[in-house]
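Step one of this worksheet: look at the structure below.
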Protein chains: 2
Amino acid sequence: MKTNLKIRVQALGDPTRMAIFERLEQGPLPVGEIARGLPVTRSAVSQHLKILKHVGLVTSQRAANRQIYRIDADGVAGLRDYFDRFWQESLQAFKHAAEKSSREKSR
Amino acid sequence: MKTNLKIRVQALGDPTRMAIFERLEQGPLPVGEIARGLPVTRSAVSQHLKILKHVGLVTSQRAANRQIYRIDADGVAGLRDYFDRFWQESLQAFKHAAEKSSREKSR
DNA sequence: ACTAACGGTTAGTGAAGACTAACCTTAAAA
DNA sequence: TTTTAAGGTTAGTCTTCACTAACCGTTAGT
């Protein structure tokens, strides 16, 4: 399982994978259930799930005949933290710019 | 400016756009400066910036001859909140599953 | 006015990758 | 044991889209 954050974003960049991901927000589902309602074949869904699993966004678990997929909370937490850092840094940059601007106005 | 969160993820799904985005984490930059150090032409960078701006991840501002691009903190906050929701929901689902499992073990 | 540097736009091309169809294994039910 | 349904894999096709090259307008300096 890759832990690189960028390839997780890349994985979710595909609309179908994003749809699968959002489908799993409701709760764990077997492959066939995920494919039902999506405009692609079960084969395509299976390939997408392989990628999502590989990048650490979902996990799977056998139940007899079925493979149950669910969202990997840790993987999602990584993404959240990643964007949180960007948010904080850009906010700080904005604050600096604002202060500088007000300094220039007051002279 | 589109406010749809999915297309922001889609926008960052491209490696070059992600590189541009991370480049802007250091601080605001003009187009030419961004292109310098990237393995693509300035034209490509300009097209990518157009997309990033369109989905609300960066903003731009003229300074005479130059276009200064910077990260849009609000846009990034949207992404963070989006993944935070997934994280919370999947964590809760995991907790439910764990409780159910321990109940079944204890009987 | 001319020149140089900036950035955006367009058309056309090439490569990456999403998709289907056909196949396989495995597990449970008949 | 045969059948049925599950899911994964592969080869091949086709579409999407990232990229370059050539162009344009704009601004500042000479």
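Any read-out appearing in this document is the output of simple, stated calculations on the displayed coordinates, not a laboratory observation. All values derive from a computational prediction rather than experimental measurement. Ideal geometry is used to build each Cβ from the backbone, glycine not excepted, and the neighbour counts take in all protein chains shown.
Quick notes on this structure:
- Among the listed pairs A:K53/A:K95; B:K50/B:K95; A:K6/B:K95, a Cα-Cα separation exceeding 31 Å is found for A:K53/A:K95; B:K50/B:K95.
- Radius 10 Å from Cβ of B:A93, net charge of other residues (Lys, Arg +1; Asp, Glu -1): 0
- The protein assembly as shown - charge dipole about Cα centre, Lys and Arg +1 at Cβ, Asp and Glu -1, debye rounded to 20: 240 debye
- Per-residue average of Cβ from other chains inside 10 Å of B:84-96: 6
- The HN-Hα couplings worked out from phi for the stretch B:54-68 by the Karplus form 6.51 cos²θ - 1.76 cosθ + 1.60 (θ = phi - 60°) are 4, 8, x, 9, 9, 10, 10, 7, 6, 9, 6, 6, 9, 10, 8 Hz, whole numbers, x standing for Gly and Pro.
- For chain A, calculated [θ]222 nm from helices alone, where every DSSP H run of n ≥ 4 adds -39500 (n - 2.57): -20500 deg cm²/dmol
- Long-range HN-HN contacts of A:G56 with modeled amide H, under 5 Å: A:K2
- Nearest to the axis that brings chain A onto chain B is this chain A residue, judged by its Cβ, with the distance in whole Å: A:G13, 1.
- Between this copy and the others, label points of B:P15 are 2.4 nm apart in ascending order, each placed 7 angstrom from Cα in the Cβ direction.
- Debye, to nearest 20: dipole size of chain A, +1 on Lys, Arg Cβ, -1 on Asp, Glu Cβ: 160 debye
- Cut-off 12 Å between beta-carbons: net charge of the residues surrounding B:L12, Lys and Arg +1, Asp and Glu -1: +3
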